[in-house]
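The values are calculated or read from the model by the stated rules, or taken from the named source; none is laboratory data. The model shown is predicted, which means the values in this text are computed figures rather than measured ones. When we count neighbours, we look across all protein chains shown, and the Cβ atoms used for this are built from the backbone with ideal geometry, even at glycine.
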Amino acid sequence: MTIVGIRGFRDILPGDVERWQFIENTTRKILEDFGFKEIKIPVLEKTELFARSIGEDTDIVEKEMYSFLDRKGESLTLRPEATASVLRAYIEHNLYKEEPIKKLYSIGPMFRYERPQKGRYRQFYQINAEVLGVEDPKIDVELMVMLLHLLKRLGVRRTDLSVNSLGCSRCRPQFRESLRSFFETRLDILCPDCKRRLKTNPLRIMDCKMETCTKVASDAPSILDFLCSECLTHFDAVKEMLRTFEIPYVVNPHMVRGLDYYTRTAFEISSSELGAQNAIAGGGRYDNLLKELGGPDIPGIGFAIGIERLALLLEEREGLFRFPKVFVAALGSEAQNDAFRLTTALRLKGIWVEIDYGDKSLKSQMRRANKLKADFALIMGEQELKSGSAILRDMKTGHQEEIDLGKGMDELIEKIG
Ligand code: AMP
(Lines give C-alpha, C1' and ligand atoms only; values in the text may rest on other atoms or scores of the structure.)
Protein backbone atom coordinates (compact mmCIF):
# COMPACT_ATOMS: atom_id res chain seq x y z
CA MET A 1 0.00 0.00 0.00
CA THR A 2 1.32 3.46 -0.83
CA ILE A 3 1.62 6.08 1.87
CA VAL A 4 -0.11 9.39 1.26
CA GLY A 5 0.40 12.77 2.95
CA ILE A 6 -1.48 13.95 6.06
CA ARG A 7 -4.92 15.58 5.69
CA GLY A 8 -4.58 19.36 5.54
CA PHE A 9 -0.83 19.16 4.77
CA ARG A 10 -0.04 19.95 1.14
CA ASP A 11 2.77 19.58 -1.33
CA ILE A 12 3.43 22.73 -3.32
CA LEU A 13 4.54 21.38 -6.67
CA PRO A 14 6.55 22.93 -9.50
CA GLY A 15 4.07 24.89 -11.61
CA ASP A 16 2.53 26.18 -8.39
CA VAL A 17 5.70 26.96 -6.50
CA GLU A 18 6.59 29.80 -8.91
CA ARG A 19 3.73 31.85 -7.50
CA TRP A 20 5.06 31.22 -4.00
CA GLN A 21 8.54 32.28 -5.03
CA PHE A 22 7.14 35.44 -6.58
CA ILE A 23 5.20 36.18 -3.38
CA GLU A 24 8.23 35.55 -1.16
CA ASN A 25 10.66 37.53 -3.33
CA THR A 26 8.32 40.51 -3.63
CA THR A 27 7.66 40.41 0.11
CA ARG A 28 11.35 40.38 1.00
CA LYS A 29 12.04 43.34 -1.27
CA ILE A 30 9.18 45.47 0.03
CA LEU A 31 9.61 44.64 3.72
CA GLU A 32 13.32 45.32 3.53
CA ASP A 33 12.61 48.67 1.82
CA PHE A 34 10.51 49.49 4.88
CA GLY A 35 13.43 48.64 7.18
CA PHE A 36 12.53 45.09 8.22
CA LYS A 37 15.14 42.39 8.83
CA GLU A 38 14.44 38.70 8.50
CA ILE A 39 14.38 36.44 11.54
CA LYS A 40 14.20 32.66 11.28
CA ILE A 41 12.51 31.00 14.23
CA PRO A 42 11.94 27.33 15.04
CA VAL A 43 8.66 25.61 14.17
CA LEU A 44 8.59 23.95 17.58
CA GLU A 45 8.26 25.78 20.90
CA LYS A 46 7.28 24.98 24.47
CA THR A 47 3.47 24.73 24.65
CA GLU A 48 3.45 27.22 27.52
CA LEU A 49 4.66 30.00 25.22
CA PHE A 50 1.50 29.84 23.11
CA ALA A 51 -0.85 29.15 26.02
CA ARG A 52 0.43 32.24 27.81
CA SER A 53 0.51 34.59 24.83
CA ILE A 54 -2.42 33.57 22.61
CA GLY A 55 -4.63 32.85 25.64
CA GLU A 56 -6.01 29.66 27.20
CA ASP A 57 -9.60 30.31 26.09
CA THR A 58 -8.90 30.95 22.41
CA ASP A 59 -9.91 28.47 19.71
CA ILE A 60 -6.26 28.14 18.73
CA VAL A 61 -5.05 27.04 22.17
CA GLU A 62 -8.17 25.10 23.10
CA LYS A 63 -8.74 23.15 19.92
CA GLU A 64 -6.21 23.74 17.20
CA MET A 65 -2.68 23.22 18.49
CA TYR A 66 -0.50 20.31 17.47
CA SER A 67 0.90 19.58 20.93
CA PHE A 68 2.72 16.48 22.05
CA LEU A 69 5.08 15.25 24.73
CA ASP A 70 8.66 14.79 23.59
CA ARG A 71 10.80 11.86 24.68
CA LYS A 72 11.52 13.50 28.01
CA GLY A 73 7.85 14.26 28.68
CA GLU A 74 8.00 17.99 27.91
CA SER A 75 4.93 19.44 26.19
CA LEU A 76 5.90 20.98 22.85
CA THR A 77 3.75 22.59 20.17
CA LEU A 78 4.14 23.14 16.44
CA ARG A 79 3.75 26.91 16.19
CA PRO A 80 0.22 28.04 15.30
CA GLU A 81 1.45 31.60 14.69
CA ALA A 82 4.74 33.47 14.69
CA THR A 83 4.41 36.48 17.01
CA ALA A 84 4.92 34.54 20.24
CA SER A 85 8.11 32.93 18.89
CA VAL A 86 9.50 36.22 17.55
CA LEU A 87 8.92 37.85 20.94
CA ARG A 88 10.47 34.92 22.76
CA ALA A 89 13.57 35.29 20.58
CA TYR A 90 13.57 39.08 21.06
CA ILE A 91 13.60 38.64 24.84
CA GLU A 92 15.96 35.66 24.87
CA HIS A 93 18.61 37.43 22.79
CA ASN A 94 18.12 40.87 24.42
CA LEU A 95 17.44 42.38 21.01
CA TYR A 96 15.95 45.48 22.68
CA LYS A 97 19.41 46.37 23.95
CA GLU A 98 20.74 46.73 20.39
CA GLU A 99 18.43 49.47 19.16
CA PRO A 100 15.21 51.03 20.44
CA ILE A 101 13.11 50.05 17.41
CA LYS A 102 13.21 46.58 15.97
CA LYS A 103 11.44 45.58 12.77
CA LEU A 104 11.43 41.86 12.15
CA TYR A 105 9.81 39.64 9.54
CA SER A 106 9.63 35.93 8.97
CA ILE A 107 8.15 33.61 6.38
CA GLY A 108 7.28 30.02 7.18
CA PRO A 109 4.76 27.31 7.98
CA MET A 110 2.21 27.43 10.81
CA PHE A 111 0.15 24.52 12.10
CA ARG A 112 -3.47 24.54 13.25
CA TYR A 113 -5.79 21.60 13.59
CA GLU A 114 -8.69 23.19 11.70
CA ARG A 115 -11.20 21.58 9.35
CA PRO A 116 -9.47 21.68 5.96
CA GLN A 117 -11.25 23.34 3.04
CA LYS A 118 -10.31 25.61 0.13
CA GLY A 119 -7.97 28.26 1.54
CA ARG A 120 -7.79 26.57 4.94
CA TYR A 121 -5.18 23.97 5.73
CA ARG A 122 -3.56 22.40 8.76
CA GLN A 123 -0.11 23.40 7.63
CA PHE A 124 -0.20 26.82 6.02
CA TYR A 125 2.38 29.50 5.37
CA GLN A 126 2.43 33.00 6.74
CA ILE A 127 4.42 36.14 6.14
CA ASN A 128 4.77 37.75 9.51
CA ALA A 129 5.97 41.25 10.40
CA GLU A 130 6.51 42.74 13.85
CA VAL A 131 7.60 46.20 15.01
CA LEU A 132 8.78 46.43 18.59
CA GLY A 133 9.39 49.66 20.46
CA VAL A 134 7.00 52.18 18.88
CA GLU A 135 3.84 53.43 20.56
CA ASP A 136 3.16 56.17 17.99
CA PRO A 137 0.06 55.45 15.85
CA LYS A 138 2.13 56.33 12.78
CA ILE A 139 3.65 52.86 12.90
CA ASP A 140 0.16 51.29 12.91
CA VAL A 141 -0.56 53.17 9.68
CA GLU A 142 2.90 52.45 8.27
CA LEU A 143 2.21 48.73 8.62
CA MET A 144 -1.16 48.99 6.91
CA VAL A 145 0.28 51.12 4.09
CA MET A 146 3.09 48.59 3.62
CA LEU A 147 0.69 45.66 3.64
CA LEU A 148 -1.63 47.22 1.08
CA HIS A 149 1.33 48.24 -1.08
CA LEU A 150 2.61 44.66 -0.99
CA LEU A 151 -0.79 43.27 -1.98
CA LYS A 152 -0.99 45.75 -4.85
CA ARG A 153 2.50 44.87 -6.06
CA LEU A 154 1.56 41.21 -5.99
CA GLY A 155 -1.42 42.02 -8.21
CA VAL A 156 -4.17 41.48 -5.62
CA ARG A 157 -6.85 43.85 -6.83
CA ARG A 158 -9.87 44.03 -4.56
CA THR A 159 -9.04 44.31 -0.89
CA ASP A 160 -11.11 45.54 2.04
CA LEU A 161 -9.50 46.94 5.16
CA SER A 162 -11.35 46.78 8.49
CA VAL A 163 -10.01 48.44 11.61
CA ASN A 164 -10.98 48.48 15.23
CA SER A 165 -9.54 49.38 18.61
CA LEU A 166 -9.47 46.76 21.32
CA GLY A 167 -8.68 49.20 24.12
CA CYS A 168 -6.09 48.65 26.81
CA SER A 169 -5.82 47.15 30.28
CA ARG A 170 -7.46 50.29 31.68
CA CYS A 171 -10.61 50.40 29.56
CA ARG A 172 -11.12 46.80 28.44
CA PRO A 173 -12.27 45.42 31.82
CA GLN A 174 -15.41 47.62 31.69
CA PHE A 175 -16.14 46.40 28.18
CA ARG A 176 -15.62 42.81 29.30
CA GLU A 177 -18.15 43.29 32.10
CA SER A 178 -20.64 44.82 29.71
CA LEU A 179 -20.20 41.84 27.35
CA ARG A 180 -20.69 39.47 30.24
CA SER A 181 -23.99 41.10 31.22
CA PHE A 182 -25.12 41.10 27.57
CA PHE A 183 -24.39 37.40 26.99
CA GLU A 184 -25.71 36.35 30.40
CA THR A 185 -29.21 37.30 29.30
CA ARG A 186 -28.76 35.16 26.15
CA LEU A 187 -27.08 32.20 27.79
CA ASP A 188 -29.42 29.55 26.38
CA ILE A 189 -28.47 30.43 22.77
CA LEU A 190 -24.69 30.12 23.31
CA CYS A 191 -22.75 26.97 22.43
CA PRO A 192 -21.27 24.96 25.35
CA ASP A 193 -17.79 26.45 24.75
CA CYS A 194 -19.14 29.99 24.88
CA LYS A 195 -21.15 29.24 28.03
CA ARG A 196 -17.82 28.43 29.65
CA ARG A 197 -16.07 31.40 28.01
CA LEU A 198 -18.68 33.67 29.53
CA LYS A 199 -17.10 32.99 32.89
CA THR A 200 -13.46 32.92 31.82
CA ASN A 201 -13.17 35.32 28.87
CA PRO A 202 -16.38 36.73 27.32
CA LEU A 203 -14.39 38.53 24.58
CA ARG A 204 -13.72 35.15 23.00
CA ILE A 205 -17.45 34.64 22.36
CA MET A 206 -17.08 37.39 19.76
CA ASP A 207 -14.97 35.18 17.50
CA CYS A 208 -16.77 31.89 18.03
CA LYS A 209 -17.37 30.25 14.66
CA MET A 210 -20.77 28.71 15.59
CA GLU A 211 -23.56 30.36 13.63
CA THR A 212 -25.85 30.88 16.63
CA CYS A 213 -23.09 32.55 18.64
CA THR A 214 -22.07 34.75 15.68
CA LYS A 215 -25.67 35.92 15.38
CA VAL A 216 -25.96 36.87 19.06
CA ALA A 217 -22.53 38.51 18.98
CA SER A 218 -23.60 40.83 16.14
CA ASP A 219 -25.87 42.70 18.62
CA ALA A 220 -23.26 42.83 21.39
CA PRO A 221 -22.04 46.15 22.84
CA SER A 222 -19.29 47.96 20.95
CA ILE A 223 -15.83 48.27 22.45
CA LEU A 224 -15.61 51.75 20.95
CA ASP A 225 -18.11 53.00 23.54
CA PHE A 226 -15.71 51.98 26.30
CA LEU A 227 -12.35 53.28 25.07
CA CYS A 228 -10.40 55.47 27.51
CA SER A 229 -9.26 58.87 26.27
CA GLU A 230 -5.72 57.65 25.40
CA CYS A 231 -7.07 54.74 23.35
CA LEU A 232 -9.59 57.02 21.65
CA THR A 233 -6.86 59.53 20.74
CA HIS A 234 -4.70 56.72 19.38
CA PHE A 235 -7.55 55.28 17.30
CA ASP A 236 -8.58 58.72 15.99
CA ALA A 237 -4.99 59.36 14.91
CA VAL A 238 -4.87 56.03 13.05
CA LYS A 239 -8.11 56.79 11.18
CA GLU A 240 -7.02 60.34 10.42
CA MET A 241 -3.73 59.15 8.88
CA LEU A 242 -5.49 56.46 6.86
CA ARG A 243 -7.64 59.20 5.39
CA THR A 244 -4.53 61.30 4.68
CA PHE A 245 -3.10 58.42 2.67
CA GLU A 246 -6.51 58.03 0.98
CA ILE A 247 -6.78 54.46 2.17
CA PRO A 248 -10.40 53.29 2.27
CA TYR A 249 -11.33 51.45 5.48
CA VAL A 250 -14.35 50.49 7.51
CA VAL A 251 -14.52 50.45 11.29
CA ASN A 252 -15.74 47.08 12.49
CA PRO A 253 -16.39 47.37 16.23
CA HIS A 254 -17.03 43.62 16.47
CA MET A 255 -13.68 42.57 15.09
CA VAL A 256 -11.75 41.31 18.13
CA ARG A 257 -9.24 38.95 16.39
CA GLY A 258 -8.86 35.42 17.70
CA LEU A 259 -5.95 36.00 20.05
CA ASP A 260 -5.96 37.42 23.56
CA TYR A 261 -2.87 39.55 23.33
CA TYR A 262 -4.15 42.37 21.14
CA THR A 263 -4.54 45.90 22.52
CA ARG A 264 -5.66 49.06 20.75
CA THR A 265 -5.41 48.87 16.94
CA ALA A 266 -6.61 45.68 15.28
CA PHE A 267 -6.98 45.31 11.53
CA GLU A 268 -7.92 42.76 8.91
CA ILE A 269 -7.70 42.66 5.15
CA SER A 270 -10.06 40.47 3.18
CA SER A 271 -10.78 39.95 -0.48
CA SER A 272 -14.17 39.51 -2.07
CA GLU A 273 -12.43 37.42 -4.73
CA LEU A 274 -11.87 34.62 -2.22
CA GLY A 275 -14.65 32.28 -1.10
CA ALA A 276 -15.65 31.52 2.47
CA GLN A 277 -12.09 31.89 3.72
CA ASN A 278 -11.74 35.49 2.61
CA ALA A 279 -9.28 36.85 5.22
CA ILE A 280 -5.90 37.53 3.64
CA ALA A 281 -4.14 39.23 6.52
CA GLY A 282 -4.71 40.33 10.06
CA GLY A 283 -2.81 42.07 12.77
CA GLY A 284 -2.76 44.52 15.57
CA ARG A 285 -1.02 46.01 18.56
CA TYR A 286 0.10 43.99 21.55
CA ASP A 287 1.49 46.60 23.92
CA ASN A 288 1.56 44.32 27.00
CA LEU A 289 2.69 41.06 25.46
CA LEU A 290 6.44 41.48 25.82
CA LYS A 291 6.02 42.26 29.50
CA GLU A 292 3.63 39.37 30.00
CA LEU A 293 6.21 37.02 28.48
CA GLY A 294 8.78 38.20 31.02
CA GLY A 295 10.44 40.81 28.78
CA PRO A 296 10.77 44.58 29.02
CA ASP A 297 7.77 46.92 29.00
CA ILE A 298 7.99 47.69 25.28
CA PRO A 299 5.00 48.05 22.95
CA GLY A 300 4.60 46.04 19.78
CA ILE A 301 2.49 45.65 16.68
CA GLY A 302 2.45 43.13 13.86
CA PHE A 303 0.52 41.30 11.20
CA ALA A 304 0.37 37.98 9.40
CA ILE A 305 -0.54 37.29 5.78
CA GLY A 306 -1.67 33.86 4.60
CA ILE A 307 0.39 32.79 1.58
CA GLU A 308 -2.06 30.08 0.38
CA ARG A 309 -4.78 32.70 0.02
CA LEU A 310 -2.44 35.04 -1.83
CA ALA A 311 -1.47 32.18 -4.13
CA LEU A 312 -5.17 31.53 -4.83
CA LEU A 313 -5.62 35.17 -5.80
CA LEU A 314 -2.64 34.99 -8.14
CA GLU A 315 -3.84 31.85 -9.92
CA GLU A 316 -4.48 33.63 -13.20
CA ARG A 317 -1.34 35.68 -13.09
CA GLU A 318 1.03 35.24 -16.00
CA GLY A 319 4.68 36.10 -16.37
CA LEU A 320 5.81 34.29 -13.23
CA PHE A 321 7.55 31.50 -15.07
CA ARG A 322 11.12 31.47 -16.37
CA PHE A 323 12.10 29.36 -19.35
CA PRO A 324 15.42 27.89 -20.48
CA LYS A 325 17.63 30.06 -22.66
CA VAL A 326 18.98 27.22 -24.74
CA PHE A 327 18.12 23.62 -25.41
CA VAL A 328 21.11 21.69 -26.71
CA ALA A 329 20.14 18.92 -29.15
CA ALA A 330 22.92 16.56 -30.17
CA LEU A 331 23.02 13.65 -32.59
CA GLY A 332 25.53 10.81 -32.28
CA SER A 333 27.62 9.86 -29.29
CA GLU A 334 30.58 12.10 -30.12
CA ALA A 335 28.39 15.17 -30.59
CA GLN A 336 26.56 14.24 -27.39
CA ASN A 337 29.82 14.33 -25.45
CA ASP A 338 30.65 17.75 -26.91
CA ALA A 339 27.12 18.90 -26.16
CA PHE A 340 27.41 17.78 -22.54
CA ARG A 341 30.70 19.69 -22.13
CA LEU A 342 29.22 22.81 -23.72
CA THR A 343 26.04 22.59 -21.64
CA THR A 344 28.02 22.38 -18.42
CA ALA A 345 30.31 25.25 -19.45
CA LEU A 346 27.32 27.49 -20.26
CA ARG A 347 25.60 26.60 -16.97
CA LEU A 348 28.77 27.48 -15.08
CA LYS A 349 28.54 30.88 -16.77
CA GLY A 350 25.04 31.33 -15.33
CA ILE A 351 22.98 30.49 -18.41
CA TRP A 352 19.95 28.20 -18.08
CA VAL A 353 20.59 25.33 -20.49
CA GLU A 354 18.64 22.09 -20.91
CA ILE A 355 19.77 18.92 -22.64
CA ASP A 356 18.41 15.41 -23.17
CA TYR A 357 20.46 12.38 -22.28
CA GLY A 358 20.11 9.17 -24.24
CA ASP A 359 20.24 8.70 -27.96
CA LYS A 360 17.05 10.44 -29.07
CA SER A 361 16.06 11.53 -32.58
CA LEU A 362 16.40 15.20 -33.52
CA LYS A 363 12.62 15.38 -33.83
CA SER A 364 12.10 14.14 -30.31
CA GLN A 365 14.74 16.55 -28.94
CA MET A 366 13.17 19.51 -30.75
CA ARG A 367 9.79 18.52 -29.35
CA ARG A 368 11.27 18.69 -25.87
CA ALA A 369 12.85 22.10 -26.63
CA ASN A 370 9.39 23.32 -27.63
CA LYS A 371 7.73 21.86 -24.58
CA LEU A 372 10.25 23.51 -22.27
CA LYS A 373 9.66 26.81 -24.11
CA ALA A 374 13.39 27.35 -24.63
CA ASP A 375 14.35 30.59 -26.41
CA PHE A 376 16.92 28.84 -28.61
CA ALA A 377 17.87 25.34 -29.70
CA LEU A 378 21.52 24.60 -30.40
CA ILE A 379 21.74 21.69 -32.80
CA MET A 380 24.96 19.69 -32.87
CA GLY A 381 25.14 16.86 -35.43
CA GLU A 382 27.89 14.76 -36.99
CA GLN A 383 28.15 17.23 -39.87
CA GLU A 384 28.63 20.24 -37.58
CA LEU A 385 31.05 18.29 -35.41
CA LYS A 386 33.47 18.02 -38.32
CA SER A 387 33.51 21.78 -38.87
CA GLY A 388 33.49 22.63 -35.15
CA SER A 389 30.21 24.47 -35.51
CA ALA A 390 26.56 24.19 -34.44
CA ILE A 391 23.21 25.47 -35.67
CA LEU A 392 21.46 28.01 -33.50
CA ARG A 393 17.70 28.10 -33.99
CA ASP A 394 15.55 30.90 -32.63
CA MET A 395 12.54 28.93 -31.41
CA LYS A 396 10.13 31.85 -31.79
CA THR A 397 11.01 33.01 -35.30
CA GLY A 398 12.41 29.72 -36.66
CA HIS A 399 15.48 31.64 -37.92
CA GLN A 400 18.61 29.43 -38.07
CA GLU A 401 22.28 30.31 -38.38
CA GLU A 402 25.60 28.53 -38.10
CA ILE A 403 27.76 29.35 -35.08
CA ASP A 404 31.49 28.70 -34.98
CA LEU A 405 32.28 26.96 -31.71
CA GLY A 406 35.93 26.50 -32.57
CA LYS A 407 36.83 29.90 -31.09
CA GLY A 408 35.03 29.31 -27.79
CA MET A 409 31.58 30.27 -26.59
CA ASP A 410 31.75 34.04 -27.07
CA GLU A 411 29.88 34.19 -30.37
CA LEU A 412 27.16 31.88 -29.02
CA ILE A 413 26.75 33.85 -25.78
CA GLU A 414 26.53 37.10 -27.75
CA LYS A 415 23.86 35.67 -30.11
CA ILE A 416 21.64 34.31 -27.33
CA GLY A 417 21.90 37.59 -25.43
P1 AMP B 1 -4.47 34.79 12.00
O2 AMP B 1 -3.13 34.48 12.58
O3 AMP B 1 -5.52 33.80 12.39
O4 AMP B 1 -4.87 36.20 12.16
O5 AMP B 1 -4.31 34.57 10.43
C6 AMP B 1 -3.63 35.47 9.59
C7 AMP B 1 -3.80 35.02 8.17
O8 AMP B 1 -3.30 33.69 8.01
C9 AMP B 1 -5.27 34.89 7.75
O10 AMP B 1 -5.75 36.13 7.32
C11 AMP B 1 -5.18 33.88 6.64
O12 AMP B 1 -4.80 34.48 5.42
C13 AMP B 1 -4.07 32.96 7.09
N14 AMP B 1 -4.59 31.74 7.73
C15 AMP B 1 -5.00 31.57 9.01
N16 AMP B 1 -5.36 30.31 9.24
C17 AMP B 1 -5.19 29.63 8.08
C18 AMP B 1 -5.37 28.27 7.67
N19 AMP B 1 -5.80 27.34 8.50
N20 AMP B 1 -5.08 27.95 6.38
C21 AMP B 1 -4.63 28.89 5.52
N22 AMP B 1 -4.42 30.17 5.86
C23 AMP B 1 -4.69 30.55 7.12
Query raised in the report: Taking region 304-318, which residues are part of a strand (DSSP E or B) and either free of Cβ contacts under 8 Å to residues at least 40 places away in the same chain or crowded, with 24+ Cβ neighbours inside 10 Å (or both)?
Result: Ile305
Requested in this report: Say whether the condition of being within 15 Å of the ligand (Cβ to nearest atom), buried (at least 17 other Cβ atoms within 10 Å of the Cβ) and not aromatic (Phe, Trp, Tyr) is met by at least one residue in region 22-38.
Outcome: yes
Requested in this report: Would you check if Glu268 is within 16 Å of the ligand (Cβ to nearest atom), surrounded by fewer than 16 Cβ atoms within 10 Å (Cβ to Cβ) and under 30 Å from Arg122 (Cβ atoms)?
Outcome: no
Requested in this report: For Gly332, indicate whether it is at pLDDT 95 or above, more than 30 Å from Ile12 (Cα to Cα), surrounded by fewer than 19 Cβ atoms within 10 Å (Cβ to Cβ) and out of contact with any Cys (no Cβ under 6 Å at 6 or more places or on another chain).
Outcome: no
Query raised in the report: Does region 338-356 contain any residue that is over 30 Å from Ile379 (Cα atoms) and in contact with a Lys or Arg (Cβ under 6 Å, 6 or more places away or on another chain)?
Result: no
Query raised in the report: For region 24-80, what are the residues that are touching a residue at least 40 places away in the same chain (Cβ under 8 Å) and within 21 Å of Arg120 (Cα to Cα)?
Result: Glu24, Val43, Ile54, Thr58, Asp59, Ile60, Glu62, Lys63, Glu64, Met65, Tyr66
Query - Residue list for region 51-71, filter: within 16 Å of the ligand (Cβ to nearest atom), of a type in the set (S, T, N, Q) and not in a helix (DSSP H, G or I) - result: Thr58
Query raised in the report: Looking only at region 301-348, which residues are in contact with a strand residue (DSSP E or B) (Cβ under 6 Å, 6 or more places away or on another chain) and aromatic (Phe, Trp, Tyr)?
Result: Phe303, Phe327
Query raised in the report: Checking Ala311 against (1) within 14 Å of the ligand (Cβ to nearest atom); (2) under 19 Å from Leu132 (Cβ atoms), which test does it fail?
Result: (2)
Query raised in the report: Does Ile301 satisfy the condition of being of a type in the set (Val, Ile, Thr), surrounded by 15 or more Cβ atoms within 10 Å (Cβ to Cβ) and either over 16 Å from the mean Cα position of the chain (by Cα) or more than 13 Å from the ligand (Cβ to nearest atom) (or both)?
Result: yes
Report task. Filter the strands (runs of 3 or more DSSP E) completely within region 334-417 down to those with at least 2 residues that are among the charged types (D, E, K, R). Result -> 389-394, 400-404
Report task. Enumerate the pairs (first residue in region 271-292 and within 16 Å of Val250 (Cα to Cα); second residue anywhere and near the ligand (Cβ under 9 Å from one of its atoms) and aromatic (Phe, Trp, Tyr)) with beta-carbon separation below 7 Å, excluding pairs fewer than 6 apart on the same chain, so at least 6 apart or on different chains. Result -> Ala281/Phe303; Gly282/Phe303; Gly283/Phe303
**Report entry** Conditions (1) more than 16 Å from the ligand (Cβ to nearest atom); (2) exposed (fewer than 15 other Cβ atoms within 10 Å of the Cβ): number failed by Ala276
**Finding:** (1)
Report summary line: The residue from Ala281, Ala266, Ala237 that alone is touching an Asp or Glu at 6+ places or on another chain (Cβ under 8 Å) and either over 21 Å from Lys63 (Cα atoms) or in a helix (DSSP H, G or I) (or both) is Ala281
Report task. Report yes if Tyr249 is within 23 Å of Ile223 (Cα to Cα), within 15 Å of the ligand (Cβ to nearest atom) and of a type in the set (Ser, Thr, Tyr), otherwise no. Result -> no
Report task. From the list Tyr286, Tyr261, pick out the single residue that is away from the ligand (no atom under 11 Å from the Cβ), modelled with pLDDT of 95 or more and surrounded by 23 or more Cβ atoms within 10 Å (Cβ to Cβ). Result -> Tyr286
Query raised in the report: For Leu166, are the conditions met, namely being modelled with pLDDT of 95 or more and in contact with a Cys (Cβ under 9 Å, 6 or more places away or on another chain)?
Result: yes
**Report entry** Test: residue in region 71-92 that is within 20 Å of Ile301 (Cβ to Cβ), under 15 Å from the mean Cα position of the chain (by Cα) and among the β-branched types (Val, Ile, Thr)
**Finding:** yes
Requested in this report: Give the residue that is farthest from Asn252 (Cα to Cα), with candidates limited to residues of region 167-197 that are crowded, with 18+ Cβ neighbours inside 10 Å and in contact with a Phe, Trp or Tyr (Cβ under 7 Å, 6 or more places away or on another chain).
Outcome: Leu190
Report summary line: The number of residues in region 115-149 that are away from the ligand (no atom under 13 Å from the Cβ) and either under 16 Å from the mean Cα position of the chain (by Cα) or in contact (Cβ under 8 Å) with a residue 40 or more places away in the chain (or both) is 17
